[in-house]
Each structure stands twice: as C-alpha cells, then as structure tokens.
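To start, the structure itself, in structure tokens.
The values are calculated or read from the model by the stated rules, or taken from the named source; none is laboratory data. Just so it is clear, the model here is predicted, and its values are computed rather than measured. No Cβ is skipped: glycine too gets one built from the backbone with ideal geometry, and neighbour counts run over all protein chains shown. Only protein heavy atoms, including side chains, enter the accessible area calculation; ligands, DNA and RNA are left aside. Shrake-Rupley method; radii C 1.70, N 1.55, O 1.52, S 1.80 Å.
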Amino acid sequence: MAMLATFWIVLLVALNAPAGNGQSVQTDPSKSGFVGDTVELRCVFINGKPPVKISQVTWQKVINGTKQNVATANPDLGVSVLPPFKDRVSFKHLRQRSTSTLEDTTIVVSNLRLSDEAGYICEYTTFPAGNRENTVNLTVFARPVTKMTLTSPTIVARTPRRKMPVATCMSANGKPPSVIKWDTTLKGEATFQETRNPNGTVTVRSNYIVLPSRETHRQKLSCIVTYRAERFIESVILNVQYEPEVKIEGFDGNWYLNRQDVKLTCNADANPAVTVYQWKLLNGSLPNNIEIKNNTLFFKGPVTYEFGGTYVCDATNSIGTRSGLVEVNVTEFPNSLPFDGREIPVEEHSSGAVIGGAVGGVALLVAAIALLVFFLRRRQRTFKGDYSTKKHVFGNGYSKASGMPAHPPMTKNLQYPDDSDDEKKPAQISGPGGFEGGDRDFDGNSEDLKRPYFTVDEGESRDYDERTLAFQYDPEPEIADDMVSQTDGSVISKKEWYV
C-alpha cells in the first residue's frame with residue numbers, strides 16, 4: 001500500500017508541473033556549405049526555473065516527411081552516431097563516453113555530400129517537462145568545374161566560308177547553375193545549353209560561333225563564368241588557317257624607257273606560310289632578262305617596252321592557292337610628277353587622267369561661254385536706236401511705226417496663159433483681214449510664198465477694218481532713202497540712227 005501511495009504522489013506532481021516552464025531549444029534557422037566542406041549544426045537547450053532533467057538528445061534528418069535518426073546522447077549510455085553518418089558526424093562538446101552536460105549538443109558534419117541537404121531536428125527529452133525540439137535547414141552547394149577549350153587546335157577557313165563553333169566554355173556539376181558570358185572583339189554569336197544531373201547539379205555549356213577568316217586569326221576569346229559571388233575567367237587565342245592573300249608591289253606607275261633597277265615583289269599573307277610562288281605573264285612569256293628569287297622578279301638592265309604587260313603571281317600554302325596581278329605600263333618619258341617611293345596603283349593614274357581631263361573641259365567651256373557673251377554684247381551695241389520701236393518687215397526686218405509701208409503694192413488682177421488649168425489658180429484666202437476673190441500669179445511650190453507675216457503696226461492696227469496679208473518676195477523690196485540697213489536684216493530711219 002505504501003508503494004502505491006508513493007506512485008500516485010509522483011504522478012500528481014508530474015501532471016501538475018507547469019508545461020514549458022521557460023525551457024527551449026535554440027538552433028540556427030539555416031546553414032549551408034559546399035560539397036566536401038565541414039559544417040556545424042548548433043543546438044543549445046535553455047533550461048528554466050525550476051530546471052528540468054534532460055533524459056536524452058536526438059538528432060534526426062527529415063526527407064519528404066520521413067525522419068531518420070542521425071545521432072543520440074544519453075546521460076547514462078553516452079553518445080551514438082548511426083550509419084551512414086558514423087564516420088562524418090560527431091558531437092562538438094561531447095565525448096564518446098562522457099555526457100556530463102547535455103545543454104550544448106551541437107554536431108559537426110564533415111565531408112559534406114549533396115545528399116546531406118535536408119532539414120535536421122534537434123529534440124530534447126526532459127522530465128517532467130516533456131520533449132522540446134527545433135529544426136535547422138542545411139543547404140549543400142556544389143562548386144562547378146569550369147573549363148574552356150578550342151573546338152579544334154587549328155580552325156580552317158575554307159571556301160565556301162561558313163560559320164562554325166570555335167570555342168566551348170563549360171561549367172559542369174554546379175549547384176546552383178552558373179552564368180556564362182563571352183568577352184571578345186570578334187563578331188559572333190553564342191549558344192547556351194543547361195543539363196540537370198541526377199544528383200541535383202546543373203551543367204551549363206556554351207559554344208561561340210564565328211565565321212573563320214584571316215581577320216579572326218590570333219584574336220583573343222575569353223569566357224567568364226559567374227557562380228554565386230565568384231568569377232572564373234579563361235581565355236584562348238584563335239589559330240585560324242587560311243589561303244594566301246596576295247599583293248604585288250613594286251610598280252609605281254612610272255616605269256619609263258631606260259629606267260634602271262625595277263622589280264616586282266609578291267607579298268602574301270597566309271597561315272601557314274606560303275611554300276610555293278609562281279610568276280607568269282598573261283598573253284605571253286616572261287622577258288628573258290628577268291631573274292626570279294623567292295617571291296621577287298628582278299628586271300635586269302634598262303626598262304624597255306618588253307617589260308610591259310600583266311604580271312600574275314600564284315601563292316600556294318597547305319590550304320590553297322590564291323593569285324595577285326599587276327598591270328605594268330611602260331612610257332617613253334618619266335612621269336612629270338616627282339616620285340616619292342610610294343607604290344602608285346594603276347587605278348590612281350587612271351583617276352588622275354580622268355580628273356585632269358574633266359578640269360580642262362570645264363575651263364574650256366567657261367572660256368567659250370565668256371567669248372559668246374562678248375560677241376553678243378558687241379553686236380547689240382551696233383544698233384543705236386530703240387529696239388522697242390522696230391517691227392518685222394516681210395518676216396525678217398524691222399521698221400518704225402511711222403516708217404515704211406506695211407507691205408509693197410500688190411497687183412490685184414493677174415493674167416494666166418491660155419493653157420493654164422485649175423491647178424494653177426491661186427487659192428482663195430478668206431476670213432477676217434484676208435482677200436476674197438483676189439487672183440494672183442505665183443508658184444505654189446515656192447517656199448517663200450508659204451510664209452505669210454502680218455506687218456501692221458501695233459499703234460495703227462486699230463484704224464484697219466481688216467488685217468493686211470503680205471508675202472515675202474525676191475528680190476527684196478527697195479529701201480527708202482531715209483532708211484539704214486542693219487546687220488540683222490532690219491532697217492531703221494537715219495533720224496534714229498544718228499540719235
């Protein structure tokens with residue numbers, strides 16, 4: 001009976017003890033580390049007053065709602081770490097067999113794995129307060145492996161030219177994924193690809209695509225990988241192989257007869273270097289007095305007309321063969337312009353001749369216009385009267401309003417021979433100011449009779465009921481004694497002439 005009474009007393013005390021009583025478990029909200037690193041997961045028990053007794057501490061890993069025991073600490077049994085954490089997890093302040101105090105049960109996780117990423121619960125079992133716990137979330141990062149490589153040790157610019165990837169930048173097995181950028185003066189474009197691996201990491205791959213050419217050779221290409229707050233930079237120098245770019249130098253546009261020491265040099269930019277140079281002359285064979293050394297033609301003796309022609313140089317390397325040509329013109333005398341040693345392409349001489357001819361033509365045109373203006377103005381000064389008073393006479397002269405008659409007298413009745421027919425009869429002219437029924441003998445084919453001119457003065461036209469029609473005759477009508485003939489076929493009164 002006494003033992004039963006004691007049990008009930010202890011039970012009543014436990015049931016009446018205040019829950020919580022200020023006890024709590026403190027952990028960090030979250031922790032993180034990289035694969036292979038060591039991380040501490042802090043767990044501290046805050047006891048209250050009156051203090052409670054700690055019976056046991058348990059660490060558990062939670063994955064998708066499932067709990068897995070990691071390690072335990074018991075005042076009587078000591079510490080225990082369960083597989084698969086046995087070799088990588090330990091209590092920071094507890095020894096294997098000594099658990100004198102369990103207020104700080106921080107654990108240390110070494111050699112982090114991606115699989116270690118999870119939520120971890122630190123649970124205290126106390127008497128008589130019961131269980132207290134808190135959770136810390138562990139994030140595991142994976143630093144990527146960055147690598148930049150050339151697509152090929154040597155890149156060949158072939159014909160026809162086409163775009164191709166020349167370099168690859170890769171950030172492999174990173175968590176979180178990296179960001180790749182390219183730094184170069186090359187004109188090109190980049191492609192990007194992300195691959196998610198089964199362990200949760202991501203591999204990012206980027207190719208840089210260009211059009212291989214002579215200009216892309218020995219260009220620098222840099223890849224910049226940004227992973228969180230870190231940057232990785234790698235660079236390569238492109239090695240592009242291409243056919244020769246050929247240029248013939250030595251002809252300055254001033255090869256004249258008897259000039260000495262002339263030569264032509266075939267310069268070729270190529271990768272790899274040119275191995276064979278071949279010279280030829282279009283539409284003929286090379287002159288006999290030429291010596292070929294490597295890529296240069298040496299012309300022996302004075303310049304002759306035989307040196308003229310189109311010279312072609314073929315340059316060959318392992319990629320291909322390209323040609324260059326130059327048109328050599330030989331003149332009798334030296335160019336009037338001083339020679340400064342600079343190579344003058346044939347095109348420049350042609351352009352200079354065209355420009356000089358254009359300038360000369362413009363100068364000649366200006367002189368002709370000035371001469372024409374001079375004669376016109378001089379001719380205008382031969383007339384001393386007032387042109388505004390002159391009127392046409394018979395279609396090509398001038399007269400004063402009060403001067404000569406409007407037209408010479410006309411015979412109204414003309415007789416025809418007996419053998420005349422209807423075709424010889426003059427056509428009747430009718431209408432305002434014309435003839436009606438008037439006959440006149442004239443040649444219908446005469447050009448002069450086909451050009452009528454009206455000669456009524458403007459000032460006197462109002463006094464006529466009809467306009468008088470006159471025809472031009474040969475010879476010209478007599479000019480009155482008081483009239484003066486002008487060089488343009490007009491006449492003017494002596495009174496006006498001597499004004």
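See the values below:
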{"read-out": "Residues Arg162 and Glu40, FRET efficiency given R0 of 51 Å [Cβ-Cβ distance, rounded to 0.05]", "value": "0.35"}
{"read-out": "Given charges at beta-carbon only (K, R positive; D, E negative), |dipole| of the range 140-200 in Debye", "value": "180 debye"}
{"read-out": "Rg over Rh, two decimals, the range 44-104 (C-alpha only, Kirkwood Rh)", "value": "1.01"}
{"read-out": "Accessible area expressed per residue, the range 71-152, with surrounding protein chains retained (probe 1.4 Å, Å²)", "value": "51 Å²"}
{"read-out": "Summed residue charge, Cβ within 12 Å of Thr58's Cβ, Lys/Arg positive, Asp/Glu negative", "value": "+1"}
{"read-out": "Signed unit charges on C-beta, dipole axis of the range 170-271, positive-most listed residue Asn271, Cys223, Asn199", "value": "Asn199"}
{"read-out": "Stokes-Einstein D in µm²/s, Kirkwood radius over Cα pairs - the range 64-135 at 37 °C with 0.692 mPa s viscosity", "value": "246 µm²/s"}
{"read-out": "Relative pair counts by distance (%), Cα atoms of the range 104-172, 5 Å bins", "value": "3, 10, 13, 11, 9, 8, 7, 7, 6, 5, 6, 4, 4, 3, 2, 1, 1, 0"}
{"read-out": "Accessible-area order (highest first, 1.4 angstrom probe) of the listed residues Trp279, Trp59", "value": "Trp279, Trp59"}
{"read-out": "Unit charges on C-beta of K, R, D, E only; dipole of the range 160-282, Debye", "value": "400 debye"}
{"read-out": "Charge context of Lys163, other residues only, Cβ under 11 angstrom, K/R +1, D/E -1", "value": "+2"}
{"read-out": "For the range 208-297, the fraction of alpha-carbon pairs in successive 10 Å shells from zero, as %", "value": "12, 29, 22, 15, 11, 7, 4, 1"}
{"read-out": "Net charge over other residues, Cβ less than 11 angstrom from the Cβ of Tyr242 (K, R count +1; D, E count -1)", "value": "0"}
{"read-out": "Scattering curve values for the range 54-197, log₁₀ I(q)/I(0), Debye with Cα scatterers, q = 0.19 Å⁻¹", "value": "-1.13"}
{"read-out": "Extension gain (nm, one decimal) between Arg231 and Thr151, 0.36 nm per residue minus Cα-Cα", "value": "26.5 nm"}
{"read-out": "Accessible area of the range 204-276 divided out per residue, in Å², using a probe of 1.4 angstrom", "value": "48 Å²"}
{"read-out": "Gain on full stretching of the segment that runs from Asp104 to Ala118 - 0.36 nm per residue minus C-alpha separation", "value": "2.9 nm"}
